[in-house]
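Working notes for the structure below.
The values are calculated or read from the model by the stated rules, or taken from the named source; none is laboratory data. Small disclaimer: the values here were computed from a predicted structure and weren't measured. Using ideal geometry, Cβ is built from the backbone for each residue, glycine included, and neighbour counts are taken over all protein chains shown.
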Amino acid sequence: MSSVRVLVGTRKGAFVLSADGKRERWEVSGPHFAGWEIFHVKGSPVDPNRLYASQSTGWHGQVMQRSNDGGQTWEPVGNKFIYGGVAGTHQWYDGTPHPWEFKRVWHLEPSLTDPDTVYAGVEDAALFRSDDGGTTWQELCGLRRHGSGPRWQPGGGGMCLHTILLDPSNLNRIFVAISAAGAFRSDDGGETWQPINRGLNSPFLPDPKAEIGHCVHRIAMHPSRPDVLFMQKHWDVMRSDDAGDSWREVSGDLPTDFGFAIDVHAHEPETVYVVPIKSDSEHYPLDGKLRVYRSRTGGNEWEPLTNGLPQSDCYVNVLRDAMAVDSLDSCGLYFGTTGGQVYASADAGDHWSAIVRDLPAVLSVEVQTLA
Amino acid sequence: MVRVVLPAHLRTLARAEAEVRLEVEGQVTQRSVLDALEARYPMLSGTLRDHVTQKRRAFVRFFACEQDLSHESPDEPLPLPVASGAEPLLVVGAIAGGRIS
């Protein structure tokens, strides 16, 4: 029988939540790496027992972990992230040049074809790749050396490369997103990059339609239609039908279009999920009601999903990497909150229940669908 | 034999006891002790000092013999009681906290 494994990164460790295909009874394992911040844990699509985890603290910096048995045991691997060539400068919050400095790994994206190959999105924004299971890391320098690099600026959470999407139909195509530089695409396996931000509108910029500088929070793709991308920007939910060459707003009737997380139904490429957050100064749901919004029309028309979610006095946030879908016949949807809850729906969002309620603040949620 | 006391996070990472004992070749300095520590526990590389610059991480402190040695040169000889093993070198996570932002 199929089963699922939910990989949860929190401010104080990682947790593995497991259930059979019914997704009713859960086993909780953890905390792994107790006391450390776990920004992300993700499994290889080629070998689901191969997991990678990003572990860090302000005291001791970055550590990378690898598991070969689905998270039962872990081993530290390489944590040496050295920018290629002269590191150079980007802009600081005040607009002055600031040296590129490695701080942490935000996101891990294992290769679609090789369990030993994994990409890492880091702060200060850059993309690294390991081809030896995380032992050594090499920067894909073409991204940071894009001519706009010296003009990139950090968002409120730091200048992080937080989204990496690999195109299953074209292994040379990679999408990344950086706060607050915007979205970029490579069509040659990461050698060269182009910004893909046409159509984005960011009123906080001197030129709201500038080529770079947009605070993209997250991009999602359905693997069957890799040219269709959905984006949760700082404000605005956006859609592209041409692999990012152009974007149009699909916020439609959302009560607020600020937010962080966005994802696509596993079997319905036009069904999209977001969690609206009140504003950039108030990072919690509108009216204290935790609502996932679903569009079955690829955007613009949204419906609130509330059954099983708190509808009063709820002031948590759902961070950009904290939502995931499984690929069981009835698509499961999962998200974690800064209040330590991980909510699951086994019916595409119609009904929700909390798997756990009292974890440390959740930074990331991934799910593996296991045979 | 030099004794080094590790903070809790690094004990669990290295799967080591609170106090580790190291053979240190040549003069006993911060650098030679950390070199020996990282040789024994490679997973600690980068957690105490920067991989490239070798500068101490901002929230890591080195105490011994009731002195704060954090700002000493990494090539300065450590106090004799540390070199002899009579006193441990304490690696301490600064109580100021671990978050820069």
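Of the residues A:354, A:371, A:344, A:348, only one is over 15 Å from the mean Cα position of the chain (by Cα), within 20 Å of residue A:22 (Cβ to Cβ) and modelled with pLDDT under 95; which? I'd like the intermediate steps shown before the answer.
Numbers: A:354 fails: modelled with pLDDT under 95; A:344 fails: modelled with pLDDT under 95; A:348 fails: modelled with pLDDT under 95.
The match here is A:371.
Scan region A:245-266 for residues that are under 17 Å from the mean Cα position of the chain (by Cα) and part of a loop (DSSP other than H, G, I, E, B) and report the count.
2
Which of (1) within 14 Å of chain B (Cβ to nearest Cβ); (2) touching a residue at least 40 places away in the same chain (Cβ under 8 Å) is the odd one out, the single condition residue A:21 does not satisfy?
Condition (1) is where residue A:21 drops out.
Here are some conditions: (1) more than 18 Å from residue A:14 (Cβ to Cβ); (2) in contact (Cβ under 8 Å) with a residue 40 or more places away in the chain; (3) among the β-branched types (Val, Ile, Thr). Residue A:316 meets all but one. Which one does it not meet?
Of (1) more than 18 Å from residue A:14 (Cβ to Cβ); (2) in contact (Cβ under 8 Å) with a residue 40 or more places away in the chain; (3) among the β-branched types (Val, Ile, Thr), only one is false for residue A:316: (2).
Please enumerate the residues belonging to region A:111-154 that are out of contact with any His (no Cβ under 8 Å at 6 or more places or on another chain), acidic (Asp, Glu) and within 30 Å of residue A:95 (Cα to Cα).
A:123, A:139, listed by residue number.
Taking the condition acidic (Asp, Glu), part of a loop (DSSP other than H, G, I, E, B) and free of Cβ contacts under 8 Å to residues at least 12 places away in the same chain, does residue A:207 pass?
yes
Output the residue which, of all residues in region A:117-138 that are within 23 Å of residue A:46 (Cα to Cα) and acidic (Asp, Glu), is farthest from the chain's Cα centre (by Cα).
If we take residues in region A:117-138 being within 23 Å of residue A:46 (Cα to Cα) and acidic (Asp, Glu), then A:132 is farthest from the chain's Cα centre (by Cα).
Can you list the helices (runs of 4 or more DSSP H) found entirely within chain B that contain at least 3 residues being away from chain A (no Cβ under 14 Å)?
B:30-40, B:80-84
All but one of (1) surrounded by fewer than 19 Cβ atoms within 10 Å (Cβ to Cβ); (2) under 30 Å from residue B:91 (Cβ atoms); (3) away from every other protein chain (no Cβ under 14 Å); (4) not basic (Lys, Arg) hold for residue A:99; state the number of the condition that does not hold.
The one condition residue A:99 does not meet is (3).
Name the one entry in A:195, A:223 that is closer than 26 Å to residue A:92 by Cβ, within 21 Å of the chain's Cα centre (by Cα) and in contact (Cβ under 8 Å) with a residue 24 or more places away in the chain.
Exactly one residue qualifies, and that residue is A:195.
Mind checking which residues of region A:30-87 are under 21 Å from the mean Cα position of the chain (by Cα), over 20 Å from residue B:48 (Cβ atoms) and of a type in the set (Gly, Ala, Ser)?
Passing the criteria: A:43, A:44, A:53, A:67, A:70, A:71.
Here is a list of conditions, (1) under 20 Å from the mean Cα position of the chain (by Cα); (2) outside any loop (DSSP other than H, G, I, E, B), and residue A:153 meets all of them except one; can you say which number that is?
Just one mismatch for residue A:153, condition (2).
For region A:251-292, name all the residues that are among the small types (Gly, Ala, Ser) and under 20 Å from residue A:342 (Cβ atoms).
A:259, A:261, A:266, A:288, listed by residue number.
Select from region A:71-87 the residues that are within 25 Å of residue A:5 (Cα to Cα), more than 12 Å from chain B (Cβ to nearest Cβ) and surrounded by fewer than 19 Cβ atoms within 10 Å (Cβ to Cβ) and list them in ascending order.
Across region A:71-87, the qualifying residue is only A:72.
Give me a count of the residues in region A:203-220 that are within 21 Å of the chain's Cα centre (by Cα) and farther than 20 Å from residue A:273 by Cα.
Qualifying residue count for the region: 3.
Could we say that residue A:146 is closer than 22 Å to residue A:202 by Cα, assigned to a strand (DSSP E or B), under 23 Å from the mean Cα position of the chain (by Cα) and touching a residue at least 40 places away in the same chain (Cβ under 8 Å) here?
When the stated conditions are applied, residue A:146 does not pass them.
Which residue out of B:84, B:45 is in contact with a helix residue (DSSP H, G or I) (Cβ under 7 Å, 6 or more places away or on another chain), of a type in the set (Ser, Thr, Tyr) and surrounded by fewer than 19 Cβ atoms within 10 Å (Cβ to Cβ)?
Among B:84, B:45, only B:45 is in contact with a helix residue (DSSP H, G or I) (Cβ under 7 Å, 6 or more places away or on another chain), of a type in the set (Ser, Thr, Tyr) and surrounded by fewer than 19 Cβ atoms within 10 Å (Cβ to Cβ).
If residue A:286 meets every condition in (1) within 19 Å of the chain's Cα centre (by Cα); (2) surrounded by fewer than 23 Cβ atoms within 10 Å (Cβ to Cβ); (3) of a type in the set (A, V, I, L, M, F, W, C) apart from one, which number is that one?
(1)
Of everything in region A:162-183, what is among the hydrophobic types (A, V, I, L, M, F, W, C) and closer than 20 Å to residue A:204 by Cβ? Give them in sequence order.
A:177, A:178, A:180, A:181, A:183
Say whether the condition of being closer than 25 Å to residue A:85 by Cβ and of a type in the set (Asp, Glu) is met by at least one residue in region A:169-189.
Yes, because at least one residue in region A:169-189 is closer than 25 Å to residue A:85 by Cβ and of a type in the set (Asp, Glu).
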